[in-house]
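Take a look at the structure set out below.
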């Protein structure tokens, strides 16, 4: 192992290897790489958080077709934004998109700030996303350190501390800033993300195709497969809920708007009950049928969901946050993935 995990090539040589690779192999035809604007880069970067490129492409095209500018996004309702986000999950991302668009429209004449610190003040935009908007969207100085770039740097320098440790993150930012050039910054940053996504993959990295093969310390020591070091995951707590399917005489389905804070905030959802006793009390005299339970996993806990079919004994009076939707309309709303699963499987008459 090299002392201090230092490469035998200079930052300039590192940059040149990356840029040369990009000219021959880099991705240049992704939808957000056409008609490049800070807005399009921003939308793509937020969508790509927690989601693979192949999945994002169709969502991006559909979203941009409906919300082609920050002004149109800002003037649209959050419900409509959610409906175009439906299926991507992590709906806080969509909520922050809407909030940021409104701020830019109201306070900055539909123009993105071109200063790192100002971008980082906007909802949902962190240090790396701000760097992407600046470098990819404006060709200004901006450093990117997403998951793909982290993996490339960790292996290149054989960093053996857990990837999520604060000390590791600090070290990676120093390296990323050291390597990021002032010229061709948009090509360099895209190349680093591409190498991480296509070559320096989590498993079975294609080291013989990597421009850093001869200088990568992890490859030299044959340990690239077990880097980055992962922290041991804690056992997630388990919660349970009942998800109620209520239909009216027109075979429309009851959905309720969730409170803005908490689980699935602001989304349309099937009514939830923690206890079967509360459910039975709420739907007195109605026929109740349990369906097969399934598990949905969040970042911090598992949720076991039991769908409940309710056959109403009398006309239902809607509450303020409730509406009946046809099945097709319900599936077009911003709904949580478990609700989409239940409605798509048509476990009801």
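Below, the figures for the structure above:
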read-out: Cα-projected label distance for residue 284 with residue 222, points at 7 Å along beta-carbon direction, nm; value: 7.4
read-out: Calculated [θ] (222 nm, deg cm²/dmol) that DSSP helices of n ≥ 4 give over the chain, each run adding -39,500 (n - 2.57); value: -11500 deg cm²/dmol
read-out: Sorted by Cβ density within 10 Å, fewest first, the residues 42, 226, 103; value: 226, 103, 42
read-out: Normalised convex hull volume, segment 1-119, alpha-carbon set, Å³ per residue; value: 168
read-out: Crossing angle, helix 38-48 versus the chain [Cα axis fit, 0-90 degrees, rounded to tens]; value: 70
read-out: Label-point gap, in nm, between residue 20 and residue 177 - each point 7 angstrom along Cα→Cβ; value: 2.9
read-out: Cα-based helix-to-principal-axis angle, 147-156 vs the chain, degrees rounded to 10; value: 30
read-out: Hypothetical label at residue 72: residues of segment 111-143 whose amide nitrogen lies under 18 Å (7 Å Cα-Cβ projection); value: 111-112
read-out: Convex hull of Cα atoms in segment 238-345, direction-averaged projection (nm²); value: 6.8
read-out: Burial ordering of 320, 117, 256, fewest other beta-carbon atoms within 10 Å first; value: 320, 117, 256
read-out: Computed label-point distance, nm, for sites residue 106 and residue 61 using a 7 Å Cα→Cβ extension; value: 3.5
read-out: Gyration tensor verdict on the chain (Cα atoms; rounded if a/c is under 1.5, prolate if a/b is larger than b/c, oblate otherwise); value: prolate
read-out: Using a Förster distance of 25 Å, the FRET efficiency for residue 263-residue 291 (Cβ separation, nearest 0.05); value: 0.75
read-out: Residue order, fewest to most surrounding Cβ atoms within 10 angstrom, among 169, 154, 310; value: 169, 310, 154
read-out: Using alpha-carbon coordinates, inclination of helix 92-107 to the longest axis of the chain, degrees; value: 80
read-out: Alpha-carbon centroids, segment 252-319 and segment 178-242: separation in whole Å; value: 41
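FYI, it's all coordinate maths here, none of it is from the lab. No experiment lies behind these values; they were computed from the predicted model shown. Because the Cβ atoms are built from the backbone with ideal geometry, glycine has one as well, and the counts that use them run over all protein chains shown.
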